[in-house]
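Read the figures in this text as sums done on the coordinates, not as results from a lab. Model, not experiment: these values are computed from the prediction. Glycine also receives a Cβ, built like all others from the backbone with ideal geometry; neighbour counts cover every protein chain displayed.
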Amino acid sequence: MHICRFIHGGTFRIGLIDGNDVVDLSAAGVPDLHAVLGARHPGEEIARLLSALLPRTPLSRVQLAAPVDHQEVWAAGVTYLRSKAARMEESEFSATAYDRVYDAPRPEIFFKSVAHKVVATGDTVGIRSDARWSVPEPELALVLNSSGAVVGCTIGNDMSSRDIEGENLLYLPQAKVYDRSCALGPWITIGATEADARAWTIDIAIVRAGTTVFQGTTSVNNLKRSFQELASYLFQSQRFPHGAVLLTGTGIVPADDFTLAAGDVVQIDVSGIGRLINTVAVV
Ligand code: DO4
Ligand code: MG
């Protein structure tokens with residue numbers, strides 16, 4: 001089951017993807033994502049809402065919005081071996097830190113975005129004008145309720161400036177947080193267990209002027225830490241009344257000579273969810 005945010009008549013609405021249609025749950029009084037995802041049983045709450053006849057619009061005619069409204073977006077890092085190896089290559093200076101955090105009990109978790117800055121599918125992701133080496137990071141994103149339980153999953157792109165991050169670990173917030181550096185979408189998939197999600201694949205293709213210049217694939221099962229382990233560190237000594245979104249880290253890193261350019265199209269597929277697609281612009 002997929003829950004989306006979409007724009008209709010200039011307002012943001014909550015919808016349910018039903019085949020080729022979007023059913024407008026906001027017509028039944030749903031004000032925001034938390035009203036559905038914060039319910040004790042989101043699936044049952046949706047079934048209850050669907051007992052009324054609600055307006056539907058073909059998905060092809062709907063403008064999807066990023067599937068966050070009041071949630072902060074956080075991100076875990078160095079959770080796949082490929083990410084650890086890439087960071088250690090990128091910076092001799094920080095190699096030990098990446099090596100240590102991969103095996104440490106406490107994961108790396110950093111703040112990524114406030115909700116209103118998150119880019120939706122179809123919109124533009126950014127590369128910094130002062131970065132020389134920019135990459136997308138295709139990641140499974142966990143949607144957590146206010147108790148820290150996983151209630152859904154979406155696709156995330158943790159856009160990153162590798163030269164800035166590699167120069168000094170203390171520059172990580174600048175490498176990770178800037179305009180259009182976080183994309184989420186196309187919607188939130190609910191009802192999958194962690195075991196279901198671990199059978200999913202994550203694929204990325206980067207297309208430049210009609211030619212695929214990078215392709216990569218990984219399995220969610222290569223994620224070293226459990227979903228609950230990551231969520232519990234995020235929720236340690238911190239409350240999220242509307243829940244939160246947590247990117248789980250990347251398992252795909254392009255070769256060191258690759259950098260994104262304006263106009264590139266980044267397409268990320270997660271087999272159990274769908275496709276997140278964005279065009280790159282310099283910000
Ligand atoms: O510490 C660097 C960031 C790691 C990251 O974002 C990832 O592994 O996905
Ligand atoms: Mg990342």
Choice from L172, L64, L140 with maximal GNM fluctuation in the chain (Cα, 10 Å cutoff): L172
Over region 83-127, equivalent-ellipsoid semi-axes from the Cα gyration tensor in Å: 29, 15, 8
Got a sec to turn the phi values of region 10-24 into Karplus ³J(HN,Hα) couplings, 6.51 cos²θ - 1.76 cosθ + 1.60 with θ = phi - 60°, whole Hz, x for Gly and Pro? x, 10, 7, 10, 9, x, 10, 7, 10, x, 8, 10, 10, 8, 7
Need the C-alpha centroid separation for region 193-231 versus region 54-102, integer Å. 10
Once you have the Cα-Cα distance between D196 and F110, take 0.36 nm times their residue separation minus that, and quote the gain in nm to one decimal. 28.4 nm
Non-local amide H neighbours of G122 (under 5 Å, H modeled in plane, Pro and chain starts lacking H): which ones? I277, N278
Convex hull volume of region 1-155 per residue (C-alpha atoms, cubic angstrom): 145
Springs between alpha-carbon pairs under 10 angstrom, Gaussian network model over the chain: which of T250, T259, T79 fluctuates most? T259
Rounded to the nearest 500, the 222 nm mean residue ellipticity computed for the chain from DSSP H runs (n ≥ 4, each -39500 (n - 2.57)) alone is -5000 deg cm²/dmol
With label points built 7 Å along Cα→Cβ from the Cα atoms of E167 and L50, find their separation and express it in nm. 5.2
Debye log10 I(q)/I(0) for region 102-249, one point scatterer per Cα, at q = 0.11, 0.18, 0.19 Å⁻¹: -0.44, -1.23, -1.36
Each residue of region 87-99 in turn: what ³J(HN,Hα) in whole Hz from Karplus with 6.51, -1.76, 1.60 and θ = phi - 60°, glycine and Pro shown as x? 5, 5, 5, 5, 8, 4, 4, 10, 3, 4, 4, 5, 4
What Kirkwood Rh does the chain have if only Cα atoms enter the pairwise 1/r average? Answer in Å. 19.0
Tell me which residues come under 5 Å, amide H to amide H, from K112 once H is placed; ignore anything under 5 positions away on its chain. V73, W74, A75
Rough spin-label spacing in nm, given labels placed 7 Å along Cα→Cβ, for R82 and T279: 2.7
Amide H of S160 versus every other amide H placed in the peptide plane: which residues, excluding those fewer than 5 positions away on the same chain, fall under 5 Å? V135, E137
Phi angles of region 144-157, converted by Karplus (6.51 cos²θ - 1.76 cosθ + 1.60, θ = phi - 60°) into ³J(HN,Hα) in whole Hz with x for Gly and Pro, give 10, 7, 5, 8, x, 7, 6, 10, x, 9, 9, 9, x, 10
